[in-house]
1. Just to verify a result, which residue in the range 9-25, among those that are out of contact with any Leu (no Cβ under 8 Å at 6 or more places or on another chain) and within 13 Å of Ala230 (Cβ to Cβ), is surrounded by the most Cβ atoms within 10 Å (Cβ to Cβ)?
2. Examine the range 233-252 for a residue that is part of a helix (DSSP H, G or I), of a type in the set (D, E, K, R) and exposed (fewer than 14 other Cβ atoms within 10 Å of the Cβ), and state whether such a residue exists.
3. Scan the range 4-15 and tell me whether some residue there is over 30 Å from Ala219 (Cβ atoms) and part of a loop (DSSP other than H, G, I, E, B).
4. Here are some residues: Val83, Val77. Which one is of a type in the set (Val, Ile, Thr) and either surrounded by fewer than 20 Cβ atoms within 10 Å (Cβ to Cβ) or within 15 Å of the ligand (Cβ to nearest atom) (or both)?
5. Does the range 32-88 hold any residues that are closer than 19 Å to Lys142 by Cβ and of a type in the set (Asp, Glu), and which are they?
6. Return the residues of the range 33-46 that are under 20 Å from the mean Cα position of the chain (by Cα) and in a helix (DSSP H, G or I); say none if nothing qualifies.
7. Hey, can you tell me all the residues within the range 93-136 that are modelled with pLDDT under 95 and within 14 Å of the chain's Cα centre (by Cα)?
8. Among the residues in the range 151-173, are any within 27 Å of Glu85 (Cβ to Cβ), touching a residue at least 12 places away in the same chain (Cβ under 8 Å) and either surrounded by fewer than 16 Cβ atoms within 10 Å (Cβ to Cβ) or within 15 Å of the chain's Cα centre (by Cα) (or both)?
Amino acid sequence: MSNVVYLITGANRPNGIGFLAIQNLLLDPQAQVIAAVRDPASASDLLALEKSSEGRVKVVKMDVGDLESVKASFTEVAGLPFVREHGIDVLFANAGVFTGAMVPASKMDPTDALKDFQVNTWGAIYVAQVFLPLLRLGTQKKIVYTSSALGSTTFAFDAGIGGAFASYGMSKAATNHFFKRLAGELKEDGFTVVCYHPGVVGTSLSGVKAGETLGGIVAITPEEGGRLAATHINSWGPKDNGKFFGETGEEILW
Ligand SMILES: NC(=O)c1ccc[n+]([C@@H]2O[C@H](COP(=O)([O-])OP(=O)(O)OC[C@H]3O[C@@H](n4cnc5c(N)ncnc54)[C@H](OP(=O)(O)O)[C@@H]3O)[C@@H](O)[C@H]2O)c1
């Protein structure tokens with residue numbers, strides 16, 4: 001079996017979906033992971049994982065909301081020996097912020113909304129666009145965007161949460177549209193482009209603990225969120241291109 005090279009953004013927090021997905025992906029001895037984080041020096045758990053990984057984890061610096069930082073990261077990653085040989089198989093665009101939080105639509109603050117869009121929308125778009133040449137070289141040609149059910153216009157209304165989380169939901173909905181368009185553009189080239197809602201997960205971003213509810217949904221543990229993300233990422237293929245899935249594997253309405 002050939003090796004599988006993953007690029008994961010927002011991978012530094014030990015109770016975050018990105019970091020915990022990496023731990024699950026590494027259970028496959030053929031997996032190699034490039035973990036992109038804003039501030040490698042402060043990512044002590046991830047640096048420890050890199051150190052113990054026998055070369056299977058490489059930590060790189062990347063602020064996804066800053067195009068120049070994404071381009072600098074591309075230059076570093078493209079020079080890694082295993083990437084030069086193989087390209088990148090899977091991009092897991094996972095970095096995100098939850099700035100607007102509970103502020104209702106009628107009081108949405110443009111400053112908060114711009115922060116959500118800078119990371120959740122432009123951040124994911126920059127990474128997908130800049131790294132596309134390396135994804136074209138990979139065998140799997142897979143892009144998974146960590147969206148949210150709150151980015152489903154249908155779900156957000158039907159869930160009865162009123163106007164809460166409006167700027168966050170808008171930033172995810174706009175990015176879902178981008179990735180659906182990219183899925184159409186890259187279909188003939190054998191790509192699988194998927195949007196993924198990881199569940200309500202008890203991470204520092206959600207601000208709830210496992211077992212508590214957010215938007216009426218009970219949060220799962222970060223460990224379960226990471227495990228589910230890794231399992232689903234590996235299960236999707238070209239037949240799933242252009243779809244939006246939840247953590248139980250069901251499709252979500254846009
Ligand atoms: N938790 C949930 O219930 C839930 C539900 C639906 C969707 N999601 C999505 O799942 C993804 C992961 O979230 P999480 O719950 O695991 O939260 P998390 O642990 O807070 O992870 C968010 C990650 O994004 C990184 N990040 C933020 N801004 C960045 C930037 N400009 N450049 C690079 N990295 C940046 C953070 O790094 P720093 O430490 O440097 O800030 C952190 O590693 C997010 O996209 C989130 O929207 C989460």
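1. Ile17
2. For the range 233-252, residues part of a helix (DSSP H, G or I), of a type in the set (D, E, K, R) and exposed (fewer than 14 other Cβ atoms within 10 Å of the Cβ): present.
3. To start, the set of residues in the range 4-15 that are over 30 Å from Ala219 (Cβ atoms) comprises 5.
This time we only want the ones that are part of a loop (DSSP other than H, G, I, E, B), so: none.
There is no residue in the range 4-15 that is over 30 Å from Ala219 (Cβ atoms) and part of a loop (DSSP other than H, G, I, E, B).
4. Numbers: Val83 fails: either surrounded by fewer than 20 Cβ atoms within 10 Å (Cβ to Cβ) or within 15 Å of the ligand (Cβ to nearest atom) (or both).
From the options Val83, Val77, the qualifying one is Val77.
5. Of everything in the range 32-88, just one residue is closer than 19 Å to Lys142 by Cβ and of a type in the set (Asp, Glu), namely Glu85.
6. To start, the set of residues in the range 33-46 that are under 20 Å from the mean Cα position of the chain (by Cα) comprises 33-40, 43, 45-46.
Once the filter is applied, which keeps residues that are under 20 Å from the mean Cα position of the chain (by Cα) and in a helix (DSSP H, G or I), the range 33-46 yields Pro40, Asp45, Leu46.
7. Listed by number, the list holds a single entry, Phe98.
8. As a first pass, look at the range 151-173 and keep what is within 27 Å of Glu85 (Cβ to Cβ): none.
No - not one qualifying residue is present in the range 151-173.
The values are calculated or read from the model by the stated rules, or taken from the named source; none is laboratory data. All values derive from a computational prediction rather than experimental measurement. Here the Cβ is made from the backbone with ideal geometry for all residues, glycine too, and neighbour counts use every protein chain on show.
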